[in-house]
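Step one of this worksheet: look at the structure below.
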Amino acid sequence: MEMRLETKGLFVGLITGDLLYLATHMPHANEKMVAKEACFAAGGPATNAAIAFHHCGSKAYLVGAVGTGELGNLLRHKIEHYGVQVIDLQEKCDQDPPISSIIVTESTGDRSVISLNTKTLSLGSFAESMQYLHDADVVLIDGHQMALGAAIAKQAKGLGIPVVVDGGSWKPNFETVLCLTDYVICSANFLPPDCNNTGEVVTFCKTWG
C-alpha cells in the first residue's frame with residue numbers, strides 16, 4: 001500500500017490569550033455576575049485553525065507574535081501541547097501578546113469579545129517563516145497582520161501553494177491579500193466597503209479572483 005505523505009499547513013496571524021466565561025446572559029451596565037464556567041486558552045483565528053488542522057491529522061506551523069514574556073511562554077506551551085509548531089515573530093522581545101475576554105451565553109452560544117488584537121504588537125523579521133512556506137501544502141491568513149499576510153501570500157502564489165483567507169471581519173488593506181487568495185471563508189460580519197449583504201460580498205470577492 002502506498003503511504004500518504006503528511007499534509008502541511010502554514011497559518012499566519014493572531015495569537016492571543018483568551019479568558020473565556022460561560023454565563024446565563026450578558027452582563028448589564030455596572031452588573032457583577034458569576035460565570036458558570038471559565039477557562040484560559042490560546043486563541044486567535046489562525047491559532048484555532050492551526051490546532052484544528054493538526055487535530056485532523058496534519059502538520060501545522062503557526063506564524064505570529066508570542067514573545068519571551070511570561071504570557072508568551074505560557075501560550076507557546078499551550079499551543080505546542082496541541083502539536084502545533086510556533087514561528088515566533090517576537091522571539092527577542094518580552095512584549096506580551098494581546099489578551100481577549102470572551103463571554104459566551106449558555107442558551108444561545110452567542111459570544112461577545114473585547115481585545116486589543118494587534119494594536120500593541122510590533123513584529124520582527126518574518127524571514128524564518130519563508131523556509132516553512134516552501135514545505136507547505138496550504139496557507140491560511142487571518143488578516144490580523146496584513147503586511148505579513150500579503151508578503152507570505154505573494155510568495156505562496158509564486159510557489160503554486162493555495163492561499164485561504166479567514167474573513168472574520170473586514171480590515172483595512174485586505175485587498176492586498178485578497179488579490180492573491182484562492183479561497184475566502186467569510187463570516188456574516190465580513191463586509192467590505194459598500195457591501196451590505198452576502199450577495200454583494202460574493203461579488204466583491206470574485207472581482208479579486
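Values quoted throughout were computed directly from the atomic coordinates according to the rules given, and no laboratory measurement underlies them. Only a predicted model underlies this, so the values are computations on that prediction, with no experimental measurement involved. Cβ placement follows ideal geometry from the backbone for every residue including glycine, while neighbour counts extend to all protein chains displayed.
Loop only by DSSP, 11 or fewer other Cβ within 10 Å of the Cβ. Give me the trypsin sites (Lys or Arg not before Pro) in region 49-107 that pass, ordered by residue number.
Taking region 49-107 and a limit of 11 other Cβ atoms within 10 Å, the loop trypsin sites (Lys or Arg not before Pro) found are Lys92.
Once phi is turned into ³J(HN,Hα) by the Karplus curve 6.51 cos²θ - 1.76 cosθ + 1.60 with θ = phi - 60°, what whole-Hz value does each residue of region 144-159 show in order, with x for glycine and proline?
For region 144-159, the Karplus curve yields 7, 10, 5, 4, 4, x, 5, 5, 6, 4, 5, 5, 4, 4, x, 8 Hz.
If you place +1 on the Cβ of every Lys and Arg and -1 on the Cβ of every Asp and Glu, how big does the dipole about the Cα centre of region 1-95 come out, in debye to the nearest 20?
Dipole of region 1-95, to the nearest 20 debye: 140 debye.
Once amide H atoms are built 1.01 Å from N in the peptide plane, which residues 5 or more positions from Phe11, or in another chain, come under 5 Å H to H?
For Phe11, the qualifying residues are Tyr61, Leu62, Val63, Leu140.
So for the chain, taking the charge dipole from beta-carbon charges (+1 Lys/Arg, -1 Asp/Glu), which of Cys39, Ser115, Gln155 sits furthest toward the positive end?
Selected residue: Gln155.
Skipping prolines and chain starts, which residues have an amide H placed within reach, meaning under 5 Å, of the one on Gly167, given they are 5 or more residues away or on another chain?
Here Ile185, Cys186, Ser187 satisfy the definition.
Assuming 1.567 mPa s and 4 °C, estimate D for region 1-113 with Stokes-Einstein, Rh taken as the Kirkwood radius over Cα pairs, in µm²/s.
So the translational diffusion coefficient is about 84 µm²/s.
Can you give me the relative contact order of the chain as a percent, contacts being Cα pairs under 8 Å and 6 or more apart?
20
Using each residue's phi in region 66-77, evaluate 6.51 cos²θ - 1.76 cosθ + 1.60 at θ = phi - 60° and report the 3J(HN,Hα) Karplus result to the nearest Hz, with x for Gly and Pro.
The phi angles translate into 10, x, 10, x, 4, 5, x, 5, 5, 5, 4, 4 Hz.
Quick one: plug the Kirkwood hydrodynamic radius of the chain (C-alpha pairs) into Stokes-Einstein at 4 °C, 1.567 mPa s, and report D in µm²/s.
Answer from the Stokes-Einstein relation: 71 µm²/s.
R0 = 45 Å: FRET efficiency of Gln95 with Thr203, Cβ-based, nearest 0.05?
Plugging the Cβ-Cβ distance into 1/(1 + (r/R0)^6) gives 0.65.
Rounding to the nearest 20 debye, state how big the charge dipole of the chain is about its Cα centre with +1 on each Lys and Arg Cβ and -1 on each Asp and Glu Cβ.
In debye, rounded to 20, the chain gives about 120.
Less than 17 Å from a label point 7 Å out along the Cα-to-Cβ axis of Asp137: which backbone N atoms in region 59-85 qualify, by residue?
59-62, 84-85
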